[in-house]
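Since the structure comes first, as structure tokens, the remarks are kept for the end.
The values are calculated or read from the model by the stated rules, or taken from the named source; none is laboratory data. Quantities reported herein were computed from a predicted structural model and do not represent experimental measurements. Cβ placement follows ideal geometry from the backbone for every residue including glycine, while neighbour counts extend to all protein chains displayed. Heavy atoms of the whole protein, side chains included, go into the accessibility calculation; ligands, DNA and RNA do not. Shrake-Rupley method; radii C 1.70, N 1.55, O 1.52, S 1.80 Å.
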Amino acid sequence: MREVHVEEITKTVRDLFIDANINLGEDVLRALEQALEVEESPIGKEILKELIENARVAREEEMPICQDTGLAVVFLELGQEVHLVGGDLTEAINEGVRQGYKEGYLRKSACHPFTRKNTGDNTPAIIHTEIVPGDRIKIIAVPKGGGAENMSRVVMLTPAAGLEGVKEFVVQRVKESGANPCPPIVVGVGIGGTLEQAALIAKKALLRPLGSKNPDPEAAAIEEDLLERINKLGIGPQGYGGRVTALAVHVNMVPCHIASLPVAVNIQCHAHRHKEKVI
Ligand code: SF4
């Protein structure tokens, strides 16, 4: 067994949330640059230039890319040969979020659902833990903004809806979302499983690097077709019209019950922030 002190997890979570909120990933920047090459609408081009410039300023000035620094979503891949010592894992992660949002001057967005009273430190984190082989821990920090998350949906289709029904649901969801999720967006799609699994794999799909090919040829073909249909909607950068509504569509598929066809659409905005570290 390899011992890992939970303080190392706290520090890693702290650093990852600050980094994710300030430094947009290279893959996202590349996708925005490529979008600029294909966008035909003059205002769409201007907006894409602004988004690229905004990311540059954020990096150089060490400021958040967006004022909405998100709820703190954490994906944890915990090696089964790791022995955590020194405290409670969940509390260690929450302490990392607390420190990161305070010391990074990041907006705290977590509140009570009805009173809307802010929790004050952006906790609790939303933690998804997977036990994996090995003696390492992979931590992925995903600050998830409200505007894009609000446009996400899960539906339980009937099996008769088939592939075309799934595609129609996804495209319709993006169409109805319009400018709300701050396009150009990334669309995570989860097909199959149960209600909650569809939502989880849709969110996980967002984490695949932009520009990478889906290893599942069936899912890759769905992604290609959906991206084409979505970019024909004409919503464009920030909803001002144009060719580039989505930078990418990522699909994850798993088996489901014979009576169901669950589909989740998790929308992510142009501030597509996530950072990871293996300890
Ligand atoms: S949807 Fe994204 S870009 Fe728009 S305000 Fe929220 S975090 Fe910022």
- Message: 7 Å from Cα along Cα→Cβ at both Val38 and Tyr105: what's the point-to-point distance in nm?
- Response: 3.8
- Which GluC sites (Glu not before Pro) in the stretch 49-111 pass both tests, a DSSP loop state and at most 15 other beta-carbon atoms within 10 Å? Glu62, Glu81
- Please check the chain for the longest run free of trypsin sites (Lys or Arg not before Pro) that are loop-located per DSSP (anything but H, G, I, E, B) and have at most 16 other Cβ atoms within 10 Å. 1-106
- Query: So which residue, out of Gln268, Gln99, Gln172, gets the largest mean-square fluctuation from a GNM of the chain using Cα contacts under 10 Å as springs?
  - Reply: Gln172
- List the pair-distance distribution P(r) of the stretch 147-272, using every Cα-Cα distance, as the percent of pairs falling in each 5 Å bin from 0 up to the bin containing the longest distance, rounded to whole percents. 2, 13, 24, 26, 20, 10, 4, 1, 0
- Query: For the stretch 204-279, with every protein chain kept in place, what is the accessible area per residue (1.4 Å probe, Å²)?
  - Reply: 44
- Message: List the Cys residues of the chain that have no partner Cys with a C-beta closer than 4.7 Å.
- Response: Cys66, Cys111, Cys256
- Message: If you filter the stretch 45-143 for chymotrypsin sites (Phe, Trp or Tyr not before Pro), then keep DSSP loop positions with at most 10 other Cβ within 10 Å, what is left?
- Response: Phe114
- Task: Using the structure shown, select from Lys11/Lys108; Lys49/Lys167; Lys108/Lys277; Lys167/Lys213; Lys138/Lys213; Lys144/Lys175 the pairs with a Cα to Cα distance greater than 25 angstrom.
- Result: Lys49/Lys167
- Item | Relative contact order (%) - criterion: Cα under 8 Å, at least six apart; region: the chain | 26
- Carbon and sulfur together cover what percent of the accessible area of the stretch 10-122 at a 1.4 Å probe radius? 52
- Item | Accessible solvent surface per residue of the stretch 1-159, calculated while the other protein chains remain in place, 1.4 angstrom probe, Å² | 52
- Item | Computed helical MRE - 222 nm, the chain, DSSP H runs ≥ 4 contributing -39500 (n - 2.57), nearest 500 | -13000 deg cm²/dmol
